[in-house]
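See below for the structure under consideration.
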Amino acid sequence: MLELIAKETGLNPKYVSNVITLLEEGATIPFIARYRKEMTGEMDEVQIAQVQMTKTKHDMIARRKETMLKTIEDQGALTPELKAKIESTYDLVALDDIYLPYKPKRKTRATDAKEKGLEPLAKIILLQQERNLDDRTNEFINEKVKNAEEALKGARDIIAEWINENEQVRTRIRNMFSREAVVRSAVVRTKEEEGIKYKDYYEWQEPLQRAPSHRILALLRGEDEGFLRVYIEIDPEKAHDAISGIMVKSNNACSRQMEQAIEESYRRLIQPSMETEFRNAAKDKADVEAIRVFAENLRQLLLAAPLGQKKILAIDPGFRTGCKVVCLDAQGNLLHNETIYPHPPQNEQAMAMKKITSLVESYDIDAIAIGNGTAGRETEQFISRMKFSHDVKVFVVNEAGASIYSASSVAREEFPDYDVTVRGSVSIGRRLMDPLAELVKIDPKSIGVGQYQHDVDQTLLKQELDRVVESCVNAVGVELNTASKHLLAYVSGLGESIAEKIVQYRKENGPFRTREALKKVPRLGEKAFEQCAGFLRIADSPNPLDNSAVHPEAYGLVEKMARSIGT
């Protein structure tokens with residue numbers, strides 16, 4: 001497995017082995033990337049995550065092999081050659097092809113024909129050596145099989161299943177799909193008007209290889225919503241000829257039965273199977289690309305430059321319901337809230353200007369944050385016309401996900417006495433002060449950083465976006481005495497439970513003076529301390545080492561050096 005992971009990732013096997021060991025010991029990706037460079041050959045977080053994902057994939061394949069071997073052994077069909085073949089195969093698709101003949105089946109047309117005793121006839125036809133097929137077929141007519149045509153049909157059903165399970169056939173057709181498959185869509189009858197937003201795809205066709213990920217996701221969404229039919233296909237005649245080249249060995253009555261069985265096998269079994277396989281593969285590829293875009297957009301949003309500890313007036317714009325205004329102190333605490341109506345239908349601009357001016361003066365506001373949602377542009381224009389007695393900066397803030405936060409349990413816990421509009425405005429203001437600290441409170445996929453976030457693999461999306469948040473939090477570092485439990489939860493080695501205990505300890509015992517004091521927090525042991533300490537800082541600590549990210553193992557050495565030179 002080590003060699004496979006190294007080969008697939010293109011990384012040094014020695015360092016891959018070290019990364020796997022560190023991960024199995026409980027080290028986090030940010031910790032390994034920053035503090036174990038000598039063991040990883042200076043791999044970055046992306047490479048370490050790639051090793052982790054590749055190992056997870058091969059662990060899953062290993063478990064799949066165990067299941068296959070046990071199932072085949074229970075059937076009494078496991079030969080040394082078959083066992084060696086399964087154990088030496090590391091591609092999941094190839095493994096499934098090997099396993100297909102032995103896979104437990106529900107009742108099929110082939111199993112029904114076998115129950116009627118037609119398997120020997122199917123073998124005769126498959127060999128294609130029988131010169132008098134009619135006479136041999138008549139031997140199988142009995143109380144279960146009424147006539148020769150029924151016997152031949154049953155035999156063809158059995159052969160069709162054998163063809164479908166033939167590795168060589170499936171490989172040949174799969175290669176044709178890889179090279180020649182076309183993705184085609186058509187509108188569902190009677191849905192032309194209702195599904196007008198998919199008009200461009202009512203009669204669409206292009207090579208699957210060249211179809212971009214966003215188009216695949218759009219087509220599949222149209223199909224899920226009931227407006228489109230999506231097909232992935234190749235030329236059936238070319239497929240038939242390819243299978244015939246493998247399965248047809250002569251030119252007689254048996255071979256003519258084989259041709260019919262091939263046509264039946266491709267239409268009923270092989271083509272639907274390959275279409276599903278390539279549809280899933282195209283979807284998976286599109287998901288990966290879409291999630292990559294989400295992750296990159298999220299990273300840029302989280303790492304946006306913070307304004308810092310400034311006094312903020314935040315506005316959540318609106319027309320009919322007005323603009324909700326809140327004032328925050330430099331620590332983000334809510335001081336005041338009210339609503340103004342500068343836009344239609346009320347148009348109370350004079351009153352709104354008077355209130356804003358009064359609030360800016362009363363709370364010594366440094367900056368105004370305006371959400372970019374409905375009425376955002378009009379509100380910015382309204383504020384920009386105003387003059388204040390001191391310099392007040394005006395910023396437009398991306399408010400995506402603010403409504404999700406305002407209705408969340410996190411917001412209710414922070415502001416139990418205020419409604420969702422106030423909570424949303426506070427979130428807008430805090431995003432300007434410190435985007436990362438505020439956005440970690442929201443489910444990453446609700447922040448609105450890409451299209452089709454509800455269409456892609458939700459598990460994979462969550463894993464990747466959580467990894468990005470963790471990466472950003474640990475890249476920036478966290479102020480131990482001011483960070484919320486939501487921010488601390490993403491710090492290497494902590495998690496939600498320990499983060500909550502840190503905040504509780506802080507409330508009961510006052511601010512931390514040194515990092516070492518973290519060891520007094522319940523359930524925060526040596527391993528968790530090693531993982532988290534380098535990503536935490538204490539601004540007013542008497543120990544300068546606590547003001548920046550320092551490798552925990554360097555503490556003792558640095559302290560000895562400091563004492564030796566008297567500083």
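The values are calculated or read from the model by the stated rules, or taken from the named source; none is laboratory data. Owing to the predicted nature of the structure, the values given are computational and were not obtained by experimental measurement. As a convention, Cβ positions derive from the backbone with ideal geometry for all residues, glycine included, and neighbour counts pool all protein chains shown. What goes into the accessible areas is simple: the full protein's heavy atoms, side chains included, and nothing from ligands, DNA or RNA. Shrake-Rupley method; radii C 1.70, N 1.55, O 1.52, S 1.80 Å.
Numbers below:
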item: DSSP-assigned coil residues among GluC sites (Glu not before Pro) in segment 168-221, each with at most 11 further Cβ atoms within 10 Å; result: GLU193
item: Helix-derived mean residue ellipticity, 222 nm - over the chain, DSSP H n ≥ 4, -39500 (n - 2.57), to 500; result: -16500 deg cm²/dmol
item: Euclidean distance of C-alpha centroids, segment 214-249 and segment 133-177, integer Å; result: 24 Å
item: Cα extents of segment 227-365 along the three principal axes, largest first (Å); result: 99, 36, 18
item: Projected label distance in nm at GLU500 and LYS105, using a 7 Å step from Cα toward the beta-carbon; result: 5.2 nm
item: Length-normalised contact order of the chain in % [C-alpha pairs under 8 Å, at least 6 apart]; result: 10 percent
item: Loop-resident sites, segment 376-448, for chymotrypsin sites (Phe, Trp or Tyr not before Pro), counting at most 14 other Cβ within 10 Å (DSSP); result: PHE388
item: Percent of beta bridges antiparallel (DSSP, segment 304-373, rounded to nearest 5); result: 75 percent
item: MET351 paired with GLU193, simple spin-label distance in nm, labels 7 Å along Cα-to-beta-carbon; result: 4.5 nm
item: Per-pair calculated FRET efficiency, R0 = 56 Å: HIS454 and SER358 via Cβ, rounded to 0.05; result: 0.80
item: Low-density loop positions, GluC sites (Glu not before Pro), segment 89-174 - DSSP coil, at most 12 other Cβ in 10 Å; result: GLU139, GLU143
item: Carbon plus sulfur fraction of accessible area for the chain, probe 1.4 Å, in percent; result: 49 percent
item: Relative compactness, the chain, computed as alpha-carbon Rg over 2.2 N^0.38 Å; result: 1.35
item: Additional length obtainable on full extension of the chain from ASP135 to LEU69, 0.36 nm per residue less Cα span; result: 19.6 nm
item: For segment 371-385 versus segment 443-511, the gap between their alpha-carbon centres in whole angstrom; result: 31 Å
item: Estimated FRET transfer efficiency (THR482, LYS527; beta-carbon r; R0 30 Å; 0.05); result: 0.75
item: Descending Cα extents along the principal axes, segment 94-201, whole Å; result: 61, 35, 30
item: Percentage relative contact order, segment 340-434, counting C-alpha pairs under 8 Å, at least six apart; result: 25 percent
item: Estimated FRET transfer efficiency when R0 is 51 angstrom, pair GLU259-SER17 (beta carbons, to 0.05); result: 0.40
